[in-house]
Amino acid sequence: MEKGDFSKNWIPKGLPDGPVVDLGCGDGANSRLLATHTNKNLICVDKRQGALDATREKMRGVKHTFLLNDVCSLGIQDGTCSLVFASRIFSNIENKELLLRESLRVLKKGGCLVIVDWEKCLNFFKKTKLPFSYTESPKNMIAMVLKKSI
């Protein structure tokens, strides 16, 4: 994933108020970019303490919260977030429908779910019949965007 493409193309403009959620934050590289690009409070979620520790190092000076949780059970209040971002975790999740439901649950109306993952994940979204758009990127990656309308 190229950093320039991330900030220019994959984050929708005009997001509602509310925090941004980075699902499976890993080493925090995307977390820092999300916080900088959206200028919103960031909730970094990972089930591994080591990942949260690595992210903490990259988030100095940025307003953030850490959740040591499974990405399919966030513990975030309904309809409070402006953006849920998941980079390269979707293909590794066993219950993709649960992840999708949980992500949409925490989004506000007008909020967006952005999933960046391997091209093969596109088939799952086509089967859901949910309205989404996508952008292809280098190395067979796809950025899929779903906007919550209700």
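The values are calculated or read from the model by the stated rules, or taken from the named source; none is laboratory data. From a predicted model like this one, the values you see are computed outputs, not experimental measurements. Reconstructed Cβ throughout: ideal geometry from the backbone, glycine too, with neighbour counts over all protein chains shown. We work out accessible area using only protein heavy atoms, side chains counted, and drop any ligands, DNA or RNA first. Shrake-Rupley method; radii C 1.70, N 1.55, O 1.52, S 1.80 Å.
Karplus-derived 3J(HN,Hα) values for segment 97-114, using 6.51 cos²θ - 1.76 cosθ + 1.60 with θ = phi - 60°, are 4, 5, 4, 4, 4, 5, 5, 5, 4, 7, 7, 6, 4, x, x, 10, 9, 10 Hz; glycine and proline are entered as x. Annotation note: trypsin sites (Lys or Arg not before Pro) in segment 20-90 located in DSSP loop regions with a Cβ neighbour count of at most 14 within 10 Å are LYS47, ARG48, ARG60, LYS63.
Translational diffusion coefficient of the chain (Stokes-Einstein, Kirkwood radius from Cα pairs, 4 °C, 1.567 mPa s): 86 µm²/s.
Run lengths n ≥ 4 of DSSP H only: what is the helix-derived mean residue ellipticity at 222 nm for the chain, with -39500 (n - 2.57) per run over all residues, to the nearest 500?
-7500 deg cm²/dmol
Here the accessible area is traced with a 1.4 Å probe on the protein chains. For segment 54-95, carbon and sulfur cover 43 percent of it. The lysines within cross-link reach of LYS96, meaning a Cα-to-Cα straight distance under 19 Å and a gap of 8 or more places when in the same chain, are LYS47, LYS120, LYS126, LYS127, LYS129, LYS147, LYS148. Its residue count N sets the reference 2.2 N^0.38 Å, and the alpha-carbon radius of gyration of segment 73-150 equals 1.04 times that reference.
With all protein chains kept in place, the per residue accessible area of the chain amounts to 52 square angstrom at a probe of 1.4 angstrom. Gap in Å between the Cα centre of segment 53-132 and the Cα centre of segment 12-35? Here the answer is 10 Å between Cα centres. P(r) tail, segment 91-134: Cα-Cα pairs separated by more than 12 Å, 66% of all pairs.
With all protein chains present, calculate the accessible area of ILE43 using a 1.4 Å probe and round the result to the nearest 10 Å². That residue has around 20 Å² of solvent-accessible surface.
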